[in-house]
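What follows is a single structure, written as structure tokens, with notes after it.
The values are calculated or read from the model by the stated rules, or taken from the named source; none is laboratory data. Values in this document were obtained by computation on a predicted structure and should not be read as measured data. Neighbour counts are summed over all protein chains in view; Cβ atoms, including those assigned to glycine, are modelled from backbone coordinates with ideal geometry.
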Amino acid sequence: MTKVTRRNITRGATLGLASAIAAPALAQSGKLRWRMITSWPKRLPGPGMSAERVAERIGTLSGGRLEISVSAAGEVVPALEVLDAVGSGVAEMGHTAAFYWQGKEPAAAFFTTVPFGLLPNEHVAWIDAGGGQALWDELYAPFGVKPFMAGNTGTCMGGWFRREIKSRDDVRGLKIRSLGLGGEVYRRLGGIPQTTAPGEILVSLQSGLIDGAEFVGPGSDIALGLYRYAPLYYSPGFNKPNGTGECIVSRKAWQTLDRELQAIVAHACAAEASFALAEMERLNIEALAVLTTQHNVKLSTFPADLIAAARAQAKDVLAEFAGKSTGAAKVHASYIAFRDKVAAWSRISTEAVLAAREG
């Protein structure tokens, strides 16, 4: 199979893609025109809108010097091929989620979320102030991309199920759309994790290809219509306690930018990482009310024996993935050390305040 790059596209080596993606990065006016490809349905509340806002901010902050066009999943490449496409030059930027790449690099999942891992504010602290960003840059360098936090769907729900989960045994044999290391935890509990692109979850539930699915939280899930075929909505989201969205930039394209434009791209991503968390709190509140009052969704809690079994399995899963590569070992050590340190503070701050507020 011919490797897709802008060079061989221009030469006509991949005629099927040429009409869709062959466009000069530099327009006649001197303005840069980049393409951002994504893993999301067009303007999906949450991650889809994060991609749009990053592009808009870059255009505004640069005074039009760098214009970004955004393509939904499947318009240029499939949802789960964004990393390779950006690394090979099919597009200059991508908006996606790191745990889609754990098959290529085991440690990638840590930069989205891992089961029983860091909460959103804790994750941001690890990336920005705990050494996580340097490890992320190093991990992605072989793929030819530079990563940024560029959105966050917040603390996730446990997912949608067709039938009630009364004990850990009820997970056995269930086909569950669950990505990242959370999917491996379900596998070890007897479930059958499925890798399903976001835009295909609803059809998979409708057809019976899957029995349950996790995506993110109410604010995004309602837009996918998952409640129509799986009305039982479970928490807590032990498998995905955080939801960082990543913006990846081709290193070759990044190096063509002057320092001002590089700063603008970095700032646009950071602004979205912050804003998206705030917006998702609002969207989740509003969507949850609609789901429960208008769509007869039943909120449920995973049984205690399932949570306990999942916690035990997660510890082993994380440790095993740490042994799969040198990069994974470094990331795992940093992540777990930070999680252990921050847990003591979260226990006497966030956890204590919530307990006091509830009485």
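Taking the stretch 143-169 only, how many residues are over 21 Å from GLY217 (Cβ atoms) and either hydroxyl-bearing (Ser, Thr, Tyr) or without any contact (Cβ under 8 Å) to a residue 24 or more places away in the chain (or both)?
So the answer is 2.
Among the residues of the stretch 287-311, write down those that are more than 22 Å from the chain's Cα centre (by Cα), surrounded by 13 or more Cβ atoms within 10 Å (Cβ to Cβ) and part of a helix (DSSP H, G or I).
Selection gives VAL290, LEU291, THR292, LEU306, ILE307, ALA309.
Taking the options ALA314, ALA333, ALA319, name whichever one is at pLDDT 95 or above and exposed (fewer than 14 other Cβ atoms within 10 Å of the Cβ).
Answer to the selection: ALA333.
Can you name every residue in the stretch 153-209 that is of a type in the set (Val, Ile, Thr), surrounded by 16 or more Cβ atoms within 10 Å (Cβ to Cβ) and out of contact with any Ser or Thr (no Cβ under 7 Å at 6 or more places or on another chain)?
Our first condition is that a residue be of a type in the set (Val, Ile, Thr); within the stretch 153-209, this holds for 153, 155, 165, 171, 176, 185, 192, 195-196, 201, 203.
Then keep just the ones that are surrounded by 16 or more Cβ atoms within 10 Å (Cβ to Cβ); that gives 153, 155, 165, 171, 176, 185, 192, 196, 201.
Correct list: THR155, ILE165, VAL171, ILE176, VAL185, ILE192, ILE201.
Return the total of residues in the stretch 58-89 being closer than 17 Å to ARG259 by Cα and either of a type in the set (Gly, Ala, Ser) or not in a strand (DSSP E or B) (or both).
Total satisfying the criteria: 8.
Exactly one condition in (1) surrounded by fewer than 21 Cβ atoms within 10 Å (Cβ to Cβ); (2) part of a loop (DSSP other than H, G, I, E, B) is not met by LEU118; state its number.
Just one mismatch for LEU118, condition (1).
Go through (1) more than 15 Å from the chain's Cα centre (by Cα); (2) under 20 Å from ALA328 (Cα atoms); (3) assigned to a strand (DSSP E or B); (4) among the aromatic types (Phe, Trp, Tyr) one by one and return the number of the condition TYR234 breaks.
With (1) more than 15 Å from the chain's Cα centre (by Cα); (2) under 20 Å from ALA328 (Cα atoms); (3) assigned to a strand (DSSP E or B); (4) among the aromatic types (Phe, Trp, Tyr) applied to TYR234, the lone miss is (2).
List, please: which pairs have Cβ atoms under 7 Å, are six or more places apart or on different chains, and start with a residue in the stretch 298-324 that is over 21 Å from GLU105 (Cβ atoms) and end with one that is of a type in the set (A, V, I, L, M, F, W, C) and assigned to a helix (DSSP H, G or I)?
Once the first residue is over 21 Å from GLU105 (Cβ atoms) and sits in the stretch 298-324, its partners that are of a type in the set (A, V, I, L, M, F, W, C) and assigned to a helix (DSSP H, G or I) give LEU306/VAL171; ALA310/VAL185; GLN313/VAL185.
A quick yes/no check of all residues on (1) assigned to a helix (DSSP H, G or I); (2) among the charged types (D, E, K, R); (3) modelled with pLDDT of 95 or more:
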position: VAL124; (1), (2), (3): yes, no, yes
position: TYR140; (1), (2), (3): yes, no, yes
position: PRO193; (1), (2), (3): no, no, yes
position: GLY199; (1), (2), (3): yes, no, no
position: LEU209; (1), (2), (3): no, no, yes
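May I ask you to say which residue of ALA266, ALA270 is touching a Phe, Trp or Tyr at 6+ places or on another chain (Cβ under 7 Å), within 21 Å of ALA97 (Cβ to Cβ) and surrounded by fewer than 24 Cβ atoms within 10 Å (Cβ to Cβ)? Full working, then the answer.
On the way: ALA270 fails: touching a Phe, Trp or Tyr at 6+ places or on another chain (Cβ under 7 Å).
When all the criteria are applied, what remains is ALA266.
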